[in-house]
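The structure under discussion appears below in the form of C-alpha cells.
The values are calculated or read from the model by the stated rules, or taken from the named source; none is laboratory data. It should be emphasised that the depicted structure is a prediction, and the values quoted were computed from it without experimental measurement. Note that each Cβ is placed from the backbone with ideal geometry, even for glycine, and that neighbours are counted across all protein chains shown. We work out accessible area using only protein heavy atoms, side chains counted, and drop any ligands, DNA or RNA first. Shrake-Rupley method; radii C 1.70, N 1.55, O 1.52, S 1.80 Å.
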Amino acid sequence: MNQTITTTNPVRRILIASLIGTTIEFFDFYIYAAAAVLVFPKLFFPGGDPALATLESLATFALAFLARPIGAALFGHFGDRKGRKATLVAALMTMGPSTVAIGLLPGYQSIGIMAPILLALFRFGQGLGLGGEWGGAVLLATENAPPGKKGWYGMFPQLGAPIGFFISTGTFLLLSKYMSDQQFLSFGWRIPFIASALLVWVGLYVRLKLTETPDFIKIIEKNERVKLPIIDVFVKHTKAIVLGTLATITTFLLFYLMTVFTLSWGTSALHYSRTSFLIAQMISVLFFGLGIPISSVLADKYGRGPMLIAATVGIFLFGLFFSALFSTGSWAITVGFLVLGMFLMGLTYGPIGTALAGIFPASVRYTGASLAFTLAGILGASLTPALATKLATSYGLNYVGYYLSFAAAITFLALLAAWSSMKEVDTSKV
C-alpha cells in the first residue's frame, strides 16, 4: 500500500491531549513529592528521629523511579505493537487510581505496618503509569508534527511538568494557608490526591477521541512491527539507549534538587516558612514553563544537540555557585536562586523529549524513548533528594552543587557523542 497517510486528529486535539495527560501525571507525581517531605514522615513513619523518618519517606519517593523502567518496557511494548492511543489510555488509568488510593490510605496509627507497605505499593503504581505515559505523549505530539516543527510540537507534553507542578504546589499552598497544621496533617493533605480523579476523567475523555499516529499506521502497513521491542532496543540500538539515558540524567537531577531537596532544606536547615517557600517555588515554576518554549523554538532553529549542550553548560556553572546562592540568608537571593535553577531546567527539558524520540526508529520508538527517559530517572532523580540531604548534612551545601556539576559533565559528554543522531526524523522513510 503506497497511499498517502493522513491523520484525522485536529492539531488542537493532538496538542491538548499530549499536554493534559502529562499535566495530570506530573500533578499526581508532584503532590506525592510534596507530601513525602511535609506529611508522610509523621503519618506513615512515626519514630523518635525526624531525620530518619524523612529519609524513609523519601525512600518510597524513590521507589516510583524503579517502577518507571518497568512501566516503560510494559507500555512501550504495547505502544510499539498495538498503538500509541490505547497504550496512553492504559497508562493514565494505571497511575490515576494509584494516586486516589494514596489519598484514602489510613495512617500507621490505624493499620500499623500495613500503612507504609500499602503506601509503597501505590507509589509503585504511580511510577508504573508514569513510565508509560511520558513516552506516548511525546510520540503523540512529534509523530503528528510537520517537518521543522517537531521541537515545537514536542514542547507540549513537556509543558505538563511545570503546569502540573504549579497546580499541585498551589493546592498545597492554599491548604496550608486555610488550614491549621493539625487539620492539614489530619485530612487536608488527602484532598489533592482524591481530587486527581476528576483530572483523570478529563484526560481519559480527550484521549478516547484520538486516532492513531501516522508513523504507527505506516509501521502496520509495511508489516514492520517488532515482536519484542525491548530486546530490539538493547541489542540493535545499544548506543542510542546508553547515550539517551546519560544525556537526560542532569535534567532529572536538577529538577528534584530544585523542588524536593530545596523545599526540605529550606524549611528545615534555613528555617523558611513552608508557605513562603512554596510561594517562591511557584514563582520559579513560571520560569521553568518559560524556558520550555524558548528552548524548543531554538532547537527547531539551531538543532536539538546545540540547544541541549548550551543548557547543560549553564547547569554545570550553576552547580558551582549552588551553595553561594542558596545559603546567603537573603530571601531575595533565594528566590533568584530558585528562578535561575528552574529556568535552566526549562531550557534542558523543552527539547529532550523530541531529542530522545529522534534517536530511535518508529518501530521501537515508544519503548526506546520511554526507557532512556525512565532509566535516567533512576540515575538522576530516584536517590537525589536523600543523597543531597546526606551530602549537605555531612559535608556542606557546596557538595550538593558539585554533585550537580558532575552530572552535567557526564551529560555534556553524552550529548557530544549523540550529536549526529539528534536531528529531525524524516517520517517518509520510517
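Checked against the criteria, LEU210 does not count as without any contact (Cβ under 8 Å) to a residue 40 or more places away in the chain and either part of a helix (DSSP H, G or I) or open to solvent by less than 40 Å² (accessible area, probe 1.4 Å) (or both). Note on segment 279-309: residues that are within 26 Å of ALA409 (Cβ to Cβ), open to solvent by less than 60 Å² (accessible area, probe 1.4 Å) and in a helix (DSSP H, G or I) total 13. When ARG190 is tested against (1) free of Cβ contacts under 8 Å to residues at least 60 places away in the same chain; (2) under 17 Å from PHE29 (Cα atoms), just one condition goes unmet, and that condition is (1).
When segment 213-226 is filtered for residues that are touching a residue at least 60 places away in the same chain (Cβ under 8 Å) and farther than 30 Å from THR99 by Cβ, the ones remaining, listed by number, are PRO214, ASP215, ILE217, LYS218, ILE219, GLU221, GLU224, ARG225, VAL226. Being aromatic (Phe, Trp, Tyr) and either open to solvent by 40 Å² or more (accessible area, probe 1.4 Å) or modelled with pLDDT of 95 or more (or both) is the requirement here; does PHE337 meet it? Considered against the rule, which asks whether it is aromatic (Phe, Trp, Tyr) and either open to solvent by 40 Å² or more (accessible area, probe 1.4 Å) or modelled with pLDDT of 95 or more (or both), PHE337 comes out as yes.
Taking segment 243-275 as the search range and keeping residues that are surrounded by fewer than 18 Cβ atoms within 10 Å (Cβ to Cβ) and in contact (Cβ under 8 Å) with a residue 12 or more places away in the chain, which one is farthest from PHE343 (Cα to Cα)? Result: ALA269.
Screening VAL206 with (1) at pLDDT below 85; (2) over 30 Å from MET282 (Cβ atoms); (3) β-branched (Val, Ile, Thr) gives one miss only, at (2).
Exactly one residue out of GLY314, GLY368 is part of a helix (DSSP H, G or I) and open to solvent by 10 Å² or more (accessible area, probe 1.4 Å): that is GLY314. Filtered by the rule that a residue be without any contact (Cβ under 8 Å) to a residue 40 or more places away in the chain and among the charged types (D, E, K, R), segment 82-127 gives a lone residue, LYS82.
Tallying residues that are among the small types (Gly, Ala, Ser) and either open to solvent by 60 Å² or more (accessible area, probe 1.4 Å) or under 18 Å from VAL138 (Cα atoms) (or both) within segment 69-124 yields 10.
Residues that are among the hydrophobic types (A, V, I, L, M, F, W, C), at pLDDT 85 or above, assigned to a helix (DSSP H, G or I) and open to solvent by less than 10 Å² (accessible area, probe 1.4 Å): does segment 56-64 have at least one? The answer is no; no qualifying residue exists. Of all residues being over 23 Å from the mean Cα position of the chain (by Cα) and open to solvent by less than 70 Å² (accessible area, probe 1.4 Å) in segment 387-420, which is farthest from ALA269 (Cα to Cα)? Just the residue, please. Here the residue is ALA417.
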